[in-house]
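Next up is a structure, given as structure tokens.
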Amino acid sequence: MDSIKLVALFMLGCSAALTLQVYYYSPISPQIFHLPTPSSTHLLLPANTYLQEVNKIGEGQLQGPEDIWVDKEGIVYTATRDGWIKRLHKNGSLENWKWVHNGSLLGMAPLAAGGIVVCDTELGLLKVTEDNGVTSLVSQFNGSQINFADDVIEAKDGNLYFSVASTKYGFREWNLDVLEAIPHGQLLKYNPKTDQVSLLLDNLGFANGVALSKDEDYLLICESWKCRCLKYWLDSELEGTAEVFIENLPGGPDNINLAPDGSFWISLIPLSPKGFEFLYTSKIARHVMATFPRIADTLEAFNKRATVVKVSENGKILAKYDDPNGKVLNFVTSAFEYQGHLYLGSLKSNFVGKLPIV
Ligand SMILES: [Ca+2]
Ligand SMILES: [Ca+2]
């Protein structure tokens, strides 16, 4: 056998071994999927560098502040990867307010009776108050532990609406849910008067941020890898029905917050490096990325950017703020408006960004 044949056989053997390895060890069963293309309307808003102008608050002391809430006194609350709820005071001081759990905390919201509710991706919904510390509010649904609770909001009637990003994958495997592209997300409701949890929407493409409208006649829920947000009606003859609020967003919507004027701030996470979107159309490429996480880690370096959009009540983008190469702010996960400033959280920052807005 000549050397060319030997090399060809060797190459064939290697690719067969690789294929077997990928199909045998791949943790996902992906379906055909195309990352939504940003709509032409959204592309009319040019990229800018506004998010590079943020003031960094608490720099170096906040690991991955995913969600932000600012109370009426101007105290900033955020949950960080070290398991703390931290508070940033107006005088610039940082307080380790309450230690909750390990690094598994995500979305949070204020409770009318005082304190906050925070999503723990291992324990469910936890209540955190000044006097009573940390208590469990909701941990199970239909007899099973709630994993990967992602965001929560309390309505005026006391009901809590919350998302479960994925019923299949956990927080630390969130990218597998994106690579698999089979919707495993849910919107749930907890009624504290009856202590009942009910399912409002199922089969969501990574259920993420939730926000109530100003009049609480509907709520919005983000589906990250579908690059869209749904409107779920709580009132009127449409109660209990859902429709698309905004779609083809230029990124995956993470947290969403009601702005003082009744519009919404939505942070958009980059799901794929620019120019690499084709990887998400190929099942084989997604199997390979799921099997060899180092490939995804390498791509991370090309996937740095931050975008937040302000969206009107009728689903139109009013403003867009970017850091197009993640120079200052990368992977922004939350934008909360308070007294003419945006407070910005990110799973990949060690500070909260503060930006004056006009
Ligand atoms: Ca939130
Ligand atoms: Ca989130």
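Read the figures in this text as sums done on the coordinates, not as results from a lab. Here the structure is a predicted model, which is why all the values come from computation and not from measurement. Using ideal geometry, Cβ is built from the backbone for each residue, glycine included, and neighbour counts are taken over all protein chains shown.
Quick one: compute the contact order of region 33-184, relative version, from alpha carbon pairs under 8 angstrom and 6+ residues apart, as a percent.
For region 33-184, the relative contact order is 12 percent.
Answer rounded, prolate or oblate for region 22-154, using the Cα gyration tensor with square roots of eigenvalues a ≥ b ≥ c: rounded when a/c is under 1.5, else prolate when a/b is larger than b/c, else oblate.
Because a/c hits 1.5 or more and a/b fails to exceed b/c, region 22-154 counts as oblate.
Moving to a separate point now. Considering Cα pairs under 8 angstrom that are at least six residues apart, work out the relative contact order of region 296-358 and quote it in whole percent.
Across region 296-358, relative contact order equals 23 percent.
Here is a follow-up. On full extension of the chain, what length is gained from GLU247 through LYS316, given 0.36 nm per residue of separation minus the C-alpha to C-alpha distance?
Residue separation times 0.36 nm, minus the Cα-Cα distance, leaves 23.8 nm.
Shape call for region 213-358 from the C-alpha gyration tensor, a ≥ b ≥ c root eigenvalues: rounded (a/c under 1.5), prolate (a/b greater than b/c) or oblate?
Verdict is oblate for region 213-358.
So, one more: Using Cα springs under 10 Å in a Gaussian network model of the chain, which residue among ASN248, ASN147, ASN132 shows the largest mean-square fluctuation?
ASN132
Identify which of ILE295, ILE266, ILE116 has the largest mean-square fluctuation in a Gaussian network model of the chain, with springs joining Cα atoms closer than 10 Å.
For the chain, modelled as a Gaussian network with Cα springs under 10 Å, the answer is ILE295.
Could you work out how much longer the chain between THR37 and ASN142 gets when fully extended? Use 0.36 nm per residue separation minus the Cα distance between them, nm to one decimal.
Once the chain is fully extended between THR37 and ASN142, it gains 34.1 nm.
Okay, moving on. If a/c stays under 1.5 just call it rounded; otherwise compare a/b with b/c (prolate if a/b is bigger, oblate if not). Do that for region 129-253, with a ≥ b ≥ c from the square roots of the Cα gyration tensor eigenvalues.
Judged from the Cα gyration tensor, region 129-253 comes out oblate (a/c at least 1.5, b/c at or above a/b).
GNM on the chain, C-alpha springs below 10 Å: top fluctuator among GLU313, GLU122, GLU239?
For the chain, modelled as a Gaussian network with Cα springs under 10 Å, the answer is GLU239.
Please find the FRET efficiency linking TRP99 to ASP215, where r is the Cβ-Cβ separation and R0 is fixed at 51 Å, and quote it to the nearest 0.05.
0.90
In debye, nearest 20, what is the charge dipole magnitude of the chain about its Cα centre with +1 on Lys and Arg Cβ and -1 on Asp and Glu Cβ, if you could check?
Approximately 1040 debye in magnitude.
Do you know the relative contact order of the chain, to the nearest whole percent, from alpha carbon pairs under 8 angstrom that are 6+ apart?
19
Might you report the magnitude of the Cβ-based charge dipole of region 182-262 about its Cα centre, with Lys and Arg at +1 and Asp and Glu at -1, to the nearest 20 debye?
280
Here is a further query. Where the centre of each part is set by its Cα atoms, how far does region 94-125 sit from region 147-200, in angstrom?
Cα centres, region 94-125 to region 147-200: 15 Å.
At R0 = 30 Å, how high is the FRET efficiency between GLU73 and ASN325 if r is their beta carbon distance? Nearest 0.05 is fine.
Between GLU73 and ASN325 the formula returns 0.25.
Which residue, SER282, HIS341, ILE68, has the largest displacement toward the positive end of the dipole of the chain when charges sit on each Cβ (Lys, Arg +1; Asp, Glu -1)?
Final value for the positive-end residue is SER282.
While we're here: What aspartates and glutamates sit close enough to LYS348 to cross-link, taking a C-alpha to C-alpha distance under 14 Å and skipping anything fewer than 8 places away on the same chain?
GLU59, GLU66, ASP67, ASP82, ASP254, ASP297, GLU300, ASP323
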